[in-house]
1. Restricted to the stretch 354-375, and to residues that are of a type in the set (D, E, K, R) and touching a residue at least 24 places away in the same chain (Cβ under 8 Å), which residue is surrounded by the most Cβ atoms within 10 Å (Cβ to Cβ)?
2. For the stretch 295-346, enumerate the residues that are under 27 Å from the mean Cα position of the chain (by Cα), crowded, with 21+ Cβ neighbours inside 10 Å and either on the phi > 0 side of the Ramachandran plot or in contact (Cβ under 8 Å) with a residue 40 or more places away in the chain (or both).
3. Is there a residue in the stretch 149-163 that is at pLDDT 90 or above and within 14 Å of Ile103 (Cα to Cα)?
4. In the stretch 51-84, which residues are without any contact (Cβ under 8 Å) to a residue 24 or more places away in the chain and surrounded by 18 or more Cβ atoms within 10 Å (Cβ to Cβ)?
5. Read through the list (1) assigned by TED's automatic domain parsing to the domain that holds Ile65; (2) outside any helix (DSSP H, G or I); (3) of a type outside the set (D, E, K, R), then give the number of the only condition that Ala81 fails.
6. Output the residues belonging to the stretch 347-358 that are more than 14 Å from the chain's Cα centre (by Cα) and among the hydrophobic types (A, V, I, L, M, F, W, C).
7. State yes or no: is Gln284 among the polar types (S, T, N, Q), at negative phi, in contact (Cβ under 8 Å) with a residue 12 or more places away in the chain and touching a Cys at 6+ places or on another chain (Cβ under 6 Å)?
Amino acid sequence: MAATNPDLRGDAAPAEAQHTAIAAGTFFGRLIHDIRDLLAPVGNAAQLVRLHAAAMPQLLPATDIMERQIGRLCRLLDKLAVADKILKDDAVLPAAPVPLAAIVADAVRSARPAIDAGRHELQIDLPPPDVCVLGSAPHLAIAVAELVENAAAHSVDASRLWIDARTAGREVLVGVRDEGVGIAPERLPGLFELGPESRGPRADRVRPGLGVGLAMVRRIMALSGGSVEAASPGLGGGAVFTLRLPLVTASATDALAPAPPRPVAGSAQRPRRVLVVDDNRALQRSLVALIEELGGTATCADDGFEALGLVARWAPDVVMIDIHLPRLDGFGVARRLRGMPGPRPLLVMMSGEEFNATLRDEARAAGIDRCVAKLETGEFLRELLQP
């Protein structure tokens, strides 16, 4: 009988675990991307129905439901995408001075559907507008929004919610408070662990959660050099979550001066000819229908080289390019288009992925004018084409 070597088994186990973790991360990242790609044509169709709803009021309730549910799915996917990245051991967040007021404004905008759905009243009390914290603005806004949504989810309808912030030494303390179901004392120690969220026994919960949100908040705080803590007098007594973030001194905020706006490419007249470059036929059809309904003219290309030929022959005002294309990817298309003679079209890059800083920098270097998530292409076209 062959002997088992415990050392070899011990060496293999961590490697196997690491391989499994990498595979899981790749799987969930791809799954999120594919769901976004499937949702994008549905969102465009909802925008198309919205355009007809004025003449057919009976369509309004159905349109509202579609847009509301698509919005909820989009926010859920955004949350899962952020969690998939930052919960990894090697995650790193960029840090820069950020106005606290801007973070809270973005967070409230994101959490507004949850606030309005529960008919809650939100009260906000912030320090002077020049108070800045150090961190990644989008991620800090996600953390605050998650706490506001958590407060809304664990409060009965028409409750009051609060966001209170103040400076304390070299820190900024941001509190999110509610008068909801409260937190059972035995739940407090493990409240920020990854797993089913609950402030108390299941019967005491108002709305279920995914079990990702609070763990994500704690991770964002840790990567930002801050922390988060929760307090509650017990079930029925409401709760307060407090974020502690590094305060930025006045001298460090000089780097916050806004960069001059980048000129928008294309004619001063409203664009009318749009080339859609994507190998997803459902997305092509939905975008073409929406563009034509908005008074524009559209044509499509399935890959990068076909797009180059159409630009030369058709001279579009706008080219909407997917990142992942057969034969020549979106960055390659953009670079080649910028080197072609003739009028310069507005280049818009579409993606089912999150446009992080790296992707935006790469798009800018390739000559892209705008980056638009596929789930937001319908809204973008309405702004671009509607008079």
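1. Initial filter on the stretch 354-375 (of a type in the set (D, E, K, R)): 354, 360-362, 364, 369-370, 374.
Narrowing further to those that are touching a residue at least 24 places away in the same chain (Cβ under 8 Å): 354, 362, 369-370, 374.
Values: Glu354: 18, Glu362: 15, Asp369: 20, Arg370: 17, Lys374: 26.
Selected residue: Lys374.
2. Correct list: Val318, Val319, Met320, Ile321, Asp322, Leu325, Gly330, Val333.
3. Restricting attention to the stretch 149-163, the residues satisfying the condition of being at pLDDT 90 or above are 149-163.
In the following step, the residues that additionally are within 14 Å of Ile103 (Cα to Cα) were identified as 163.
Among the residues of the stretch 149-163, at least one is at pLDDT 90 or above and within 14 Å of Ile103 (Cα to Cα), which makes the answer yes.
4. Listed by number, the list holds a single entry, Thr63.
5. Checking Ala81 against (1) assigned by TED's automatic domain parsing to the domain that holds Ile65; (2) outside any helix (DSSP H, G or I); (3) of a type outside the set (D, E, K, R), the one that fails is (2).
6. In the first step, residues of the stretch 347-358 are kept if they are more than 14 Å from the chain's Cα centre (by Cα); the result is 347-350, 358.
If the condition is that a residue be more than 14 Å from the chain's Cα centre (by Cα) and among the hydrophobic types (A, V, I, L, M, F, W, C), then Leu347, Val348, Met349, Met350 are the ones that fit.
7. Details: among the polar types (S, T, N, Q): yes; at negative phi: yes; in contact (Cβ under 8 Å) with a residue 12 or more places away in the chain: yes; touching a Cys at 6+ places or on another chain (Cβ under 6 Å): yes.
Judged against the criteria, Gln284 is a match.
Listed here are the residues, each with its yes/no results for (1) among the polar types (S, T, N, Q); (2) touching an Asp or Glu at 6+ places or on another chain (Cβ under 7 Å); (3) not assigned by TED's automatic domain parsing to the domain that holds Ala141.
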site	(1), (2), (3)
Ala46	no, yes, yes
Ala53	no, no, yes
Pro61	no, no, yes
Ala102	no, no, no
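The values are calculated or read from the model by the stated rules, or taken from the named source; none is laboratory data. Please read all numbers here as calculations on a predicted model, not as lab measurements. Glycine also receives a Cβ, built like all others from the backbone with ideal geometry; neighbour counts cover every protein chain displayed.
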